[in-house]
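Report on one structure; see the data block that follows.
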Amino acid sequence: MAGVRLTQINIYILMFAMLLVSGGASAAHRAMLFNQNAYDRVLEMWPDFVETTNNQARGADDPGSRGLILTSPLREHFGQLLREQPTPEQYGDGFIKLVEEHYAPSGISTFATRLNTAEQITAYYYLLRRDGRLPTRLAYSNDLARQAISSVASAGLYEYSGVLWNTIEKNPWLWLHGMSSEGEWDAPNRGCMGDDLPVKPGVDEREVKEIIEICPSFDEAAVQSLMRGVRSGWRFAGVHAVGSHAIRIFVQKLEEFMAANPKMLTLDYVRDSRHGFAHGTLTGAVPDVVESMVKYNLYLPINVRRSLAIEPQNIMQNYGEPGWKFLAPIKTLIDA
């Protein structure tokens with residue numbers, strides 16, 4: 001953002017000199033490994049490092065205590081820690097400049113975003129207090145995956161804050177439109193397919209179904225937070241749902257919560273919530289999944305460009321010919 005600089009240039013030099021970046025990957029992202037000197041410095045800057053890293057461990061054994069960052073969102077947060085934090089005025093001025101130079105000339109007047117840092121929302125409210133308006137209408141959600149929130153705080157975040165999601169009709173400038181957490185349900189190129197799409201002959205089924213495919217783990221604090229939020233009446237605003245079984249699992253949980261809280265979570269309430277996901281690249285023509293999407297008014301934008309860029313290799317390598325019917329089934333969803 002405008003006016004923001006590095007606190008000390010030698011911090012970057014020091015930290016990168018002490019970093020060993022491995023070639024391993026988790027959720028298709030490169031991992032980061034600290035040596036002891038760097039690890040000690042990181043704990044000074046980031047007291048919750050162990051807990052927050054383990055909160056996104058994806059099956060790894062205590063990566064936080066071993067000085068490992070396995071996901072790009074936490075690498076991004078680490079990068080933020082190395083920079084001087086912008087004041088609300090600096091961040092707000094940068095936001096205004098971004099709108100003036102890019103969004104406004106493109107005709108964009110309203111957009112939605114997952115927040116990467118708490119400073120963003122601080123700046124937006126600062127602009128509202130100062131100017132009484134924002135340069136563009138903005139819907140936002142706090143992304144659990146992109147902020148260093150400890151597991152205890154993460155698990156109860158939505159449930160204990162009250163149901164705050166809203167729509168543009170209630171607040172024309174800035175509104176919280178739901179929950180988001182990138183990669184907590186499944187992920188592009190690692191869609192949760194379950195029994196809907198078997199592996200092709202000659203492929204190790206365990207490797208694909210237990211390692212490559214990501215399905216939600218209800219032992220993870222971030223997933224618990226999302227589920228407790230839905231149970232309380234929150235809506236999904238930006239959670240990955242790539243594979244057909246990922247949608248099915250959500251519907252199963254949703255129906256459990258509706259049965260447990262029928263006076264609040266009525267069919268009309270759920271349909272009005274219009275739970276929203278991201279990607280939707282391998283939802284496929286699976287009848288029960290499509291029917292449930294229509295019944296509960298689930299919003300699943302399909303990222304066709306990304307589908308065609310990364311999923312074909314996954315299909316050819318792991319599933320074969322049957323996998324093609326799962327790829328961006330636009331006509332199926334329109335017909336539904």
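The values are calculated or read from the model by the stated rules, or taken from the named source; none is laboratory data. Treat the numbers as computed from the prediction; the structure is a model and nothing was measured. Heads up, the Cβs are rebuilt from the backbone with ideal geometry, glycines too, and the neighbour counts pull from every protein chain shown.
Restricting attention to region 279-288, report how many residues are in contact with an Asp or Glu (Cβ under 8 Å, 6 or more places away or on another chain) and more than 13 Å from Arg248 (Cα to Cα).
1
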Complete set of residues in region 193-202 that are more than 15 Å from Asn314 (Cβ to Cβ) and touching an Asp or Glu at 6+ places or on another chain (Cβ under 9 Å):
Gly194
Mind telling me which of the residues Glu256, Glu205 ends up being charged (D, E, K, R) and under 21 Å from Asn314 (Cβ atoms)?
Glu205
For Ala241, work out the one condition from (1) in a strand (DSSP E or B); (2) modelled with pLDDT of 95 or more it doesn't fulfil.
(2)
Which one is surrounded by the most Cβ atoms within 10 Å (Cβ to Cβ), of the residues in region 231-251 that are among the small types (Gly, Ala, Ser) and within 17 Å of Glu159 (Cα to Cα)?
Ala237
Filter result for Arg228 (touching a helix residue (DSSP H, G or I) at 6+ places or on another chain (Cβ under 8 Å), in a helix (DSSP H, G or I), touching a residue at least 60 places away in the same chain (Cβ under 8 Å) and surrounded by fewer than 19 Cβ atoms within 10 Å (Cβ to Cβ)):
yes
Can you spot a residue in region 120-132 that is within 18 Å of the chain's Cα centre (by Cα), outside any strand (DSSP E or B) and outside the structural domain of Met264 (by TED's automatic domain parsing)?
yes
Specify which of the listed residues (Ile247, Ile315, Ile310) is part of a helix (DSSP H, G or I), β-branched (Val, Ile, Thr), in contact with a strand residue (DSSP E or B) (Cβ under 9 Å, 6 or more places away or on another chain) and touching a residue at least 60 places away in the same chain (Cβ under 8 Å).
Ile310
I need a count of the residues in region 269-309 that are under 20 Å from the mean Cα position of the chain (by Cα), closer than 17 Å to Met179 by Cβ and charged (D, E, K, R).
1
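The rows are residues; the columns are (1) at positive phi; (2) crowded, with 17+ Cβ neighbours inside 10 Å; (3) of a type outside the set (A, V, I, L, M).
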| site | (1), (2), (3) |
| --- | --- |
| Pro105 | no, no, yes |
| Ala118 | no, no, no |
| Arg130 | no, no, yes |
| Pro135 | no, yes, yes |
Give me a count of the residues in region 112-145 that are among the hydrophobic types (A, V, I, L, M, F, W, C), touching a helix residue (DSSP H, G or I) at 6+ places or on another chain (Cβ under 7 Å) and closer than 15 Å to His177 by Cα.
3
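Taking into account only those residues within region 164-192 that are outside any loop (DSSP other than H, G, I, E, B) and not hydrophobic (A, V, I, L, M, F, W, C), which is surrounded by the most Cβ atoms within 10 Å (Cβ to Cβ)?
In this case the residue turns out to be Ser181.
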For Glu220, all conditions in the list (1) modelled with pLDDT of 95 or more; (2) among the acidic types (Asp, Glu); (3) within 29 Å of Ala309 (Cβ to Cβ) hold save one; what is the number of the exception?
(1)
If only one of Ile247, Ile211 is at pLDDT below 90, assigned by TED's automatic domain parsing to the domain that holds Pro322 and not acidic (Asp, Glu), which one is it?
Ile211
Contact list please: Cβ distance under 7 Å, first residue in region 123-143 and at pLDDT below 90, second residue not in a strand (DSSP E or B), pairs at least six apart or on different chains.
Asp143/Asn116; Asp143/Glu182
Filtered residue count, region 67-90, keeping only those that are closer than 30 Å to Asp40 by Cβ and assigned to a helix (DSSP H, G or I)
10
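Rundown of residues vs (1) surrounded by 14 or more Cβ atoms within 10 Å (Cβ to Cβ); (2) at pLDDT below 90; (3) among the basic types (Lys, Arg), yes/no style:
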residue: Lys253; (1), (2), (3): yes, no, yes
residue: Ala259; (1), (2), (3): no, no, no
residue: Leu267; (1), (2), (3): no, no, no
residue: His275; (1), (2), (3): yes, no, no
residue: Pro312; (1), (2), (3): no, no, no
residue: Ile315; (1), (2), (3): yes, no, no
residue: Glu321; (1), (2), (3): no, no, no
residue: Ala328; (1), (2), (3): yes, yes, no
residue: Lys331; (1), (2), (3): no, yes, yes
Taking Tyr160 as the residue in question, decide whether it is exposed (fewer than 14 other Cβ atoms within 10 Å of the Cβ) and either in a helix (DSSP H, G or I) or outside the structural domain of Met32 (by TED's automatic domain parsing) (or both).
yes
